[in-house]
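Have a look at the structure below, then the notes.
The values are calculated or read from the model by the stated rules, or taken from the named source; none is laboratory data. None of these values were measured; they are calculated from a predicted model. Please note: Cβ atoms are built from the backbone with ideal geometry, for glycine as well, and neighbour counts cover all protein chains shown. The protein model used for the area step is the full one, side chains on, heavy atoms only, and it has no ligands, DNA or RNA in it. Shrake-Rupley method; radii C 1.70, N 1.55, O 1.52, S 1.80 Å.
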Amino acid sequence: MSTAREATSPIVPETPAWRITYAEIAALAQVQRPVPTTWSRRHADFPAPVAHEDGRPLFDARAVVDWLTSTGRGNADPRHLRAELALHTLAAWRTPALSASVLLAALTALLCLRQQYDAPVSGRDWPVLMAKAAGLDSEDQFLLAELRAIPDPARTGPALAALADELTEAAYTPAEAFDWVLDARRRLGSHDLAADEPAPAVIRALAALSGIDALAGESVVATPWARSGDLLAALYDRAPEGSGHTYLAADPDPARVRLVRRRMLVRGVYEFQLDVLRGEDLSASVDEWGYPDLLVCVLPYEAAETRSAQAVLESVQALTDYLAPGSTAVVLGPADVLAGPLPRHGEADRLRRSFLRPGLLKASISLPDGVLPYRPGYRTAIWVLARTAEEERKGLVLLGDISARPLTRPVLDALAEDMAIWRSSGWRGDRRHEPRNAVIVPAKDLDDRPGTAFAPNQRPTEARYTRGVVERPARISDLERRLAELQEQGRAQRANLRAALRIQAVLRPEDQPVPRTTVRRLLEQRRVRRRPGHRIAPEHLTPEGHYPVLGPDEILGTVRLGSRRIDRGLLLTAYEHAQFTEPGDIVVTASPRFGVLIDTEGLSVVTAPARILRVHPNADPPVLPRVLAALLRAAAAEHARTSGAVRASRSIEDLGIPDLGRQEAERYDAVLAEIETRAALLREQSAALDDLARITAAGIADGTLTMRNLSATDE
């Protein structure tokens, strides 16, 4: 973007709207928060702050984006940087006269107009552009009213047209630019378009569960309660290219109806393949286009206080009226109605079990929290329904419950794979591909238990054959052997150590005061060196990596040592400046509270805010790691953070500790070594017992382990 372009561009808002902070730069570049600060220190060409606000430097957003694009730094794609810049402009355009809803409607209308004419919409007189829009939408069905609603159109209209072109150039297609704008609707304040929309990962999962990628060409796809069209767009995007499907949709809100029309038109779905109606009823579309081959929808949200289970099930029953033989419906709704227990023999219970008898219900899956971001406490479930001929019914239902799993893409992808296998097997299961997250049960078992939850009461069969389950007996045997070895070590150790641990401590004579020092003074005297911890992304820490990771959790004992590790290849590429610990390094942290740990083996990676104190081997007088760690613990206890305080009264560097002479330090170190030897054996025994209890409990709880008669084994 040239300087002349910036100076004359009609889309540039007032200067303050373009001033962004370090935190916003980090979000823009998709990096950790401290990275932009490091860039500004290390690179002379990094844009200088243009202003300061409350002590924070503010930067020109365009200059930052130009720097990121030219240097290639950060993790964001250059075209996404350009799009983000344009969307920042969009946020700056919001005013009381130009609300978020009017702004989004006008911009999406201009994107649709550009796609329909396959030509830029900027650089034209506004009356000429409006004439083109009137010619395209003569009956005012999808974009004309939105353009007419722009306040001060002579100034605002051309500016928004330029913004639409800039977004399209960054995205390559008007359809992708359209989605970018709608993805930003939450931060732009258009909450009415986002309140009842599922999270993007769930939208993708619903499209995958639907099986549209295997649907025959030129089928009819329907989405009642279409809202802003996220689900309909995801179905279109997942369908094979050139499938020629017809898309039906309905929504009670006329503004959303027009938005859905624009969203599909901008994707190249034209009027002879598209019908979007106002209301909740698809009957008019079905009369014209025929029964849908696939119906996917999210039932409207209702608060639990006013929600009627019977009304929800009646809505689902009404949807099944649109299913012809061979058709499928995927419905997301409240979990307490679709999957939870219901009052026995009540109206809702009888209605729910009525979906079992004709073989309509094929699957019921309970989902994790967070499906609707604006409704965090709303628990949901998915029903898959299909109408099959009587001779093809197998009387089986797939039941799944992933409500305790995180709402992540891998979890949802695994669920979609299970559903694809279930569907491709003709709803009867495939022994070669057992579901990983669900179980197949006879529908009669549910029908014979009135009020019972439509949820699995056992783990999937496939889970029994996972490596973790199969290896449980062997791991238990290994732990039993380890405990026996530790017991023998304890006996041998007691023979080598004194029968009673005697420290032989006495009061220090008053005429022999001990000199005192601080960590800061030790650093200045070069008797101790300081090394910083590294900022490691949480997703890069796994139990199976090559190098152990030491952070505040390990130091404070909330996480077992060695349970978090990092892969060698990842460490040497993504964190090329990372340094390893050396044997005897003291790892300290002050957050969330003081803690200290000695790394006896070394070759670990320390994560911030923890840091390393490394003792100089030739220091005189010497500093012994065990002694320094013990003295720091005692000093920190005296200056602990009081209730309500933000931090402790003294930093680690300013803690006062005795500066022991060589002989006294060595005697104290010998005592600490003996204590540590005894404590290490106890810790190993405790850890082995914890593992033994945990593995056994997991096997008993999921039904994969049982106990033999102990008296029989003793014989």
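Quick one: would you say residue 304 is small (Gly, Ala, Ser), under 30 Å from the mean Cα position of the chain (by Cα) and open to solvent by 50 Å² or more (accessible area, probe 1.4 Å)? Break it down stepwise before answering.
Working: small (Gly, Ala, Ser): yes; under 30 Å from the mean Cα position of the chain (by Cα): yes; open to solvent by 50 Å² or more (accessible area, probe 1.4 Å): yes.
The answer is yes for residue 304.
Can you tell me which residue among 163, 209 is among the aliphatic types (A, V, I, L, M), surrounded by 22 or more Cβ atoms within 10 Å (Cβ to Cβ), at pLDDT below 95 and in contact with a strand residue (DSSP E or B) (Cβ under 6 Å, 6 or more places away or on another chain)? First the steps, then the outcome.
On the way: 163 fails: in contact with a strand residue (DSSP E or B) (Cβ under 6 Å, 6 or more places away or on another chain).
Matching residue, one of 163, 209: 209.
When you scan the stretch 563-574, do you find a residue that is surrounded by 16 or more Cβ atoms within 10 Å (Cβ to Cβ), touching a Gly at 6+ places or on another chain (Cβ under 8 Å) and in contact (Cβ under 8 Å) with a residue 60 or more places away in the chain, even just one? Within the stretch 563-574, not a single residue is surrounded by 16 or more Cβ atoms within 10 Å (Cβ to Cβ), touching a Gly at 6+ places or on another chain (Cβ under 8 Å) and in contact (Cβ under 8 Å) with a residue 60 or more places away in the chain. Of the helices (runs of 4 or more DSSP H) lying entirely inside the stretch 52-140, those containing at least 3 residues that are at pLDDT 90 or above and open to solvent by less than 20 Å² (accessible area, probe 1.4 Å) are 100-117.
Which of the residues that make up the stretch 465-479 are assigned to a helix (DSSP H, G or I) and either at pLDDT 65 or above or open to solvent by 50 Å² or more (accessible area, probe 1.4 Å) (or both)? Scanning the stretch 465-479 gives 465, 467, 470, 472, 473, 474, 475, 476, 477, 478, 479. Within the stretch 632-676, the set of residues being more than 20 Å from residue 531 (Cα to Cα), assigned to a helix (DSSP H, G or I) and either open to solvent by 40 Å² or more (accessible area, probe 1.4 Å) or modelled with pLDDT of 85 or more (or both) comprises 634, 637, 638, 662, 663, 664, 666, 667, 668, 670, 675, 676. All conditions but one from (1) of a type in the set (D, E, K, R); (2) modelled with pLDDT under 90; (3) open to solvent by 50 Å² or more (accessible area, probe 1.4 Å) apply to residue 336; the one that does not is (2).
When restricted to residues that are surrounded by fewer than 24 Cβ atoms within 10 Å (Cβ to Cβ) and part of a helix (DSSP H, G or I), the stretch 194-206 contains 4. Among the residues of the stretch 273-288, write down those that are at pLDDT 90 or above and either open to solvent by 70 Å² or more (accessible area, probe 1.4 Å) or within 22 Å of residue 380 (Cβ to Cβ) (or both). If the condition is that a residue be at pLDDT 90 or above and either open to solvent by 70 Å² or more (accessible area, probe 1.4 Å) or within 22 Å of residue 380 (Cβ to Cβ) (or both), then 278 is the only one that fits. Return yes when residue 322 is farther than 19 Å from residue 277 by Cα and among the hydroxyl-bearing types (Ser, Thr, Tyr) and no when it is not. No; evaluated as a whole, the condition is false for this residue. Picking from residues in the stretch 341-355 that are open to solvent by 10 Å² or more (accessible area, probe 1.4 Å) and assigned to a loop (DSSP other than H, G, I, E, B), the one that is nearest to residue 442 (Cα to Cα) is 354. Beta carbons closer than 6 Å, at least 6 apart along the sequence or on distinct chains, pair a first residue in the stretch 590-616 that is at positive phi with a second that is open to solvent by 10 Å² or more (accessible area, probe 1.4 Å) for 602/582; 602/583; 603/580. Name every residue in the stretch 530-546 that is in contact (Cβ under 8 Å) with a residue 60 or more places away in the chain, exposed (fewer than 15 other Cβ atoms within 10 Å of the Cβ) and either under 15 Å from residue 612 (Cβ atoms) or in contact with a strand residue (DSSP E or B) (Cβ under 9 Å, 6 or more places away or on another chain) (or both), in order of residue number. Listed by number, the residues that qualify are 532, 535.
Screening residue 270 with (1) open to solvent by 50 Å² or more (accessible area, probe 1.4 Å); (2) without any contact (Cβ under 8 Å) to a residue 40 or more places away in the chain; (3) closer than 30 Å to residue 450 by Cβ gives one miss only, at (3).
Somewhere in the stretch 356-378, is a residue open to solvent by less than 60 Å² (accessible area, probe 1.4 Å), within 20 Å of residue 303 (Cα to Cα), at pLDDT 90 or above and assigned to a strand (DSSP E or B)? Yes, that holds for at least one residue.
Restricting the search to the stretch 605-625, which residues are part of a strand (DSSP E or B) and open to solvent by 40 Å² or more (accessible area, probe 1.4 Å)?
Taking the stretch 605-625 as the starting set, the residues that turn out to be part of a strand (DSSP E or B) are 605-607, 611-615.
Answer for the stretch 605-625, where residues must be part of a strand (DSSP E or B) and open to solvent by 40 Å² or more (accessible area, probe 1.4 Å): just 611.
Contact annotation: residue pairs with Cβ atoms under 8 Å, 6 or more positions apart or on different chains, pairing a residue in the stretch 116-145 that is free of Cβ contacts under 8 Å to residues at least 24 places away in the same chain and among the acidic types (Asp, Glu) with a partner that is open to solvent by less than 50 Å² (accessible area, probe 1.4 Å) and part of a loop (DSSP other than H, G, I, E, B), are 137/143.
For residue 295, the test of being at pLDDT 95 or above and either more than 28 Å from residue 174 (Cβ to Cβ) or under 30 Å from the mean Cα position of the chain (by Cα) (or both) is passed.
Yes/no matrix, rows are residues, columns are (1) closer than 20 Å to residue 104 by Cα; (2) not in a helix (DSSP H, G or I):
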| site | (1), (2) |
| --- | --- |
| 189 | yes, yes |
| 221 | no, yes |
| 226 | yes, yes |
| 232 | yes, no |
| 258 | yes, no |
